[in-house]
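Note sheet for the following structure.
FYI, it's all coordinate maths here, none of it is from the lab. Values in this document were obtained by computation on a predicted structure and should not be read as measured data. Neighbour counts run over all protein chains shown; Cβ positions are idealised from the backbone, glycine included.
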C-alpha cells in the first residue's frame, strides 16, 4: 500500500523547515534507515531517514523549498508495480490538532489549603512529662522507630563508631549493629543517591548530613530523584526517606557552614519540610517523618541540640505534619517563626510584654505542608504580623507568608507585614559582624513597634 | 572503537529457542524505536526522545542473564530496557505520546518510566544519577538478605561524573550485588571518548576501588549474555559489584534533534553493514538452520503488528485528565512494613 512521507518535526520546537536536499530520486528503492533527505530545522541541518520500505513513487516538495510545515506530505512511497495515486491521504496533522486542544484554559483547581486551624493539644492533659534535650529527643525518636520497623536504618558520615558528629546517634550502633547504622565515606551525592535508591526499593532510610551545608553536594538526588519520582512514575514509585541534620548558622564557622535552607526546600513539591524548635516537637515530628511515605527534609539546629525542654513521657508520641503551634497566646500582634527563629520570637515577646504589648507567637514546625489556617486566624485576631527567621531575606518563608496573608486577610491587616530575617550577606567570621548578620530579638521588638505604631 | 568482529568468539552453546527470543526481542526494540522516531516526526511525541537503535544486543544479552526479582535502572535512553524486561509496548509508547495509558499516566515521558512489577526503576534524566540509585537498590536487596542483583546501565558520558566513583567506592566497600553496565557507544552526546578522557578503557577505572570488570563486544548478544552470566554469578556469590564495559554503537543521533555532525556518515554505515547485532543473530539462525527466511519474515510481521498496535494505542489513549496535574505529588497511605518482598 502506498504511504505518504510527511515533513518531520526534528526538534522539540520545530514547526516548519527547509527541505534542503533530496538524497534519493523518484524510482529509487529505499529501506528502513536509509537517509533520504536533508532537512534544515530551526537548530541544525538534519538527515532524515526512511522508516518504511518501498519505492519512491513521487517527490512532492522540490529541494530548496523553505517554510515546509511539519506534517506536510513531501513524498509518496509505493510498492513494486503500484501507482502513486494509491496513496491514502496522510492522517490529519496531529501536531496542529494537539496544539489546539489544550488552548482551552480549563484550569484544574489546586486543592485549597484547609482553612480550619487545628489547635488541639499535642498530648492529653495530665500526661507525665520528662525533661530532655533536643539531642536526646532526636536520638530517642530514631531508636524507637528503628526498634519498631526493621526497614528503618541510619546512614551518614560518623553516625556509627564515632557516635555521631553531634552525638545525635549516640549508642545506636551498639543497639542495632552495623547493618542498620551505616558509616559512610565522605561522599554526599553518593550516599544520598544510595539512600534514595534503597527507599525506592522499599526500605526507610534516615540519611544524616553532618550539616545541611554539605547537602548542597547531594541536592540533585534530594530534589530530582527523591522528590519527583512518585509524580514521574504516575504514583508507582514512592520514596520514604528522611534527610536530616543540623541546618543554619552555628557559631563562628563563617559563610560556607552557616546557611538556613528552609526556604530552598520548602519550595519543592514532593518534599515535606520540618524545622522543629522544641525537644517535644523534635521527637514527635521525627517519628512522623520516619513513618511518612514521602521524602522528608528534617532541619535541625546545632545551637538548639543542647537545650532542654519538657517532653511528654508517652509510649508512642507523634506530632502530625502541617499543624502549627501557638506557643504563646496574645492579642496585639502575631509573631510567626520556626526553628531557631523561635528563640528570638519568644525573647521579643517577653520584652514586649514588659511594655504591655501582648504578642501571639506561632511556631510553624513544618514548612511543607504549612499550616496557613492557624496563621490566618491569628492575624484576623491581632491584625498585625511579623515573621521571624534566620534565613536570607530574598524569597524567604516570611515573604511567602506575607503574600498569603495579603491575599487571604487583607481587610484584617492594620499594618504591613514585616519580615525579620538574616541579613543579605554571606555569613562573616568576625564575632561582631556575625552578630549583626543574624536576626536578633531587638530587631523583632523594633518591627513589632512599627506594626503596632507604639 | 569497537573491537574487530568476533564471529567465532560467541559460544555456540545456545538453543534455537534462545536465539529466536533474542532475535525477536532485539527486533522489537528496533522497530519500536523506528516507530517512535516516526511519531516524533509527526509531532505526536514531544521534548527529548533518545533512541536505542544499534545498541539492542546490550540489554537483550544482559536480560538473558537475569532472573526474576533482579532489578534494573538506566538513563534517559530507556525504551529498549523497558521492552527487554517485559514491559508492554503499548504502555511505553503511550507514555511517549503523553497519554493516560502510558506507564506514568503521561506525567513522566520518554525519560521517566517505571514498573514495580518488572522491577524497572527508571528512566532517569540526570546523567549518572541512576548509578548511586541503582547501588541503593542493591543495598536494599543485601539488607533484606535475598540474592537479587541490580543491573545499573549508564554510558561512557556518565562515566565522567563524580558520583559514579563515590558509588564504586561504597559498592565495593559494602559488597553490593550490582552489575555496573557501561554502555560505551563512544559518544557522550557529541563528544567522542578520545575528546573526553585519556583513559583507554572505562571498566579499568573500577580497579582503583578493587572492582573487577571487563570489556565486552556489545554487538554480539551471545558475548554480552556470557559476560552478564559471569558478572551475575560474581554478585550472587556475595563478591560485590562487577563492571561490564559493553562496546556498542548508536546509529541515530543523541536525541531526535541531534544532526550528528561529529562523526561521518560512513562511520555509521560501516557499523550498520558490518556489525549489526540483529543481522548477526539472523545469520546465526539461518546458518544453523534454526529458522527459514519465511520463519523470520513471520517474526518480522509479528513484531510490526505489536509496534503498530502500540502506536495506535498511543494515539488513541486520551490525554490525562486535568485532575492528574494534582495527583501523585505525595503518597497518602502510611504502608506497614514497607519493603518490597521479592520471591
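Remarks
- Helix axis angle, A:188-200 relative to chain A longest principal axis, alpha carbon, degrees: 80
- Separation between Cα centres of region A:222-245 and region A:295-318, rounded to whole Å: 24
- Helical contribution to [θ] at 222 nm, DSSP H n ≥ 4, -39,500 (n - 2.57), averaged over the protein assembly as shown, rounded to 500: -10000 deg cm²/dmol
- Chain A: relative contact order in percent, alpha carbon pairs under 8 Å with at least 6 residues between: 12
- With an a/c value under 1.5 for the gyration tensor axes a ≥ b ≥ c computed over the alpha-carbon atoms, region A:293-335 is described as rounded.
- DSSP beta bridge pairing in region A:129-312, given as percent antiparallel to the nearest 5: 20
- Take every pair of alpha-carbon atoms less than 8 Å apart whose residues are at least six positions apart; their mean separation over the length of region A:325-452 yields a relative contact order of 29 percent.
- Computed across region B:25-104, the Kirkwood radius stands at 13.0 Å (inverse of mean 1/r, all Cα pairs).
- Computed over chain B: relative contact order in percent, which uses C-alpha pairs under 8 Å that are six or more apart: 24
- Fully extending the segment from residue A:62 to residue A:125, taken as 0.36 nm per residue of separation minus the present Cα-Cα distance, adds 14.1 nm.
- Separation of region A:259-274 and region B:110-186, taken as the distance between their Cα centroids, equals 27 angstrom.
- Region B:16-316: C-alpha gyration tensor shape, a/c 1.5 cut-off, then a/b vs b/c: rounded
- Between helix A:279-291 and chain A there is an angle of about 30 degrees, using the helix long axis and the longest principal axis of the Cα atoms.
- Shape call, region A:129-312: gyration tensor on alpha carbons, a/c limit 1.5: rounded
- Number of partner chain Cβ atoms within 10 Å, mean per residue of A:243-251: 0
- Taking all pairs of distinct alpha-carbon atoms in chain A, Kirkwood radius in angstrom: 25.9
- Average partner coverage of B:255-261, which counts Cβ from other chains inside 10 Å: 6
- Modelled spin labels at residue B:212 and residue A:308, positioned 7 Å past Cα toward Cβ, are 5.8 nm from each other.
- Taking 17 Å as the cut-off, the amide N atoms of region A:350-380 that come nearer than this to a point 7 Å along the Cα-to-beta-carbon line of residue A:411 belong to A:376-380.
- Base-10 log of normalised Debye intensity for region A:325-452 (one unit scatterer per alpha-carbon) at q = 0.14, 0.15 Å⁻¹: -0.54, -0.62
- Here residue A:44 and residue A:423 are evaluated by their C-beta separation; at R0 = 35 Å the FRET efficiency comes out at 0.15.
- Averaged over A:9-15, number of beta-carbon atoms from partner chains that fall within 10 Å: 6
- Between residue B:329 and residue A:253, the modelled labels are 3.2 nm apart [label points 7 Å from Cα along Cα→Cβ].
- Label sites at residue A:162 and residue B:301, each approximated as a point 7 angstrom past Cα along Cα to Cβ, lie 6.8 nm apart.
- The ranking of A:158, A:80 from fewest to most other beta carbons within 10 Å of each one's beta carbon is A:80, A:158.
- Cα-based helix-to-principal-axis angle, A:372-382 vs chain A, degrees rounded to 10: 50
- At R0 = 60 Å, FRET efficiency that the Cβ-Cβ distance of residue A:80 and residue A:174 yields, to 0.05: 0.15
- Computed over the protein assembly as shown, Kirkwood Rh from alpha-carbon pairs, angstrom: 29.0
- Packing-based exposure ordering (other Cβ within 10 Å, fewest first) of A:264, B:174: B:174, A:264
- The residues A:367, B:133, A:271, when put in order of fewest to most other Cβ atoms within 10 Å, stand as A:271, A:367, B:133.
- Mean-position separation - Cα centroids, region B:197-218 and region A:390-411, in angstrom: 53
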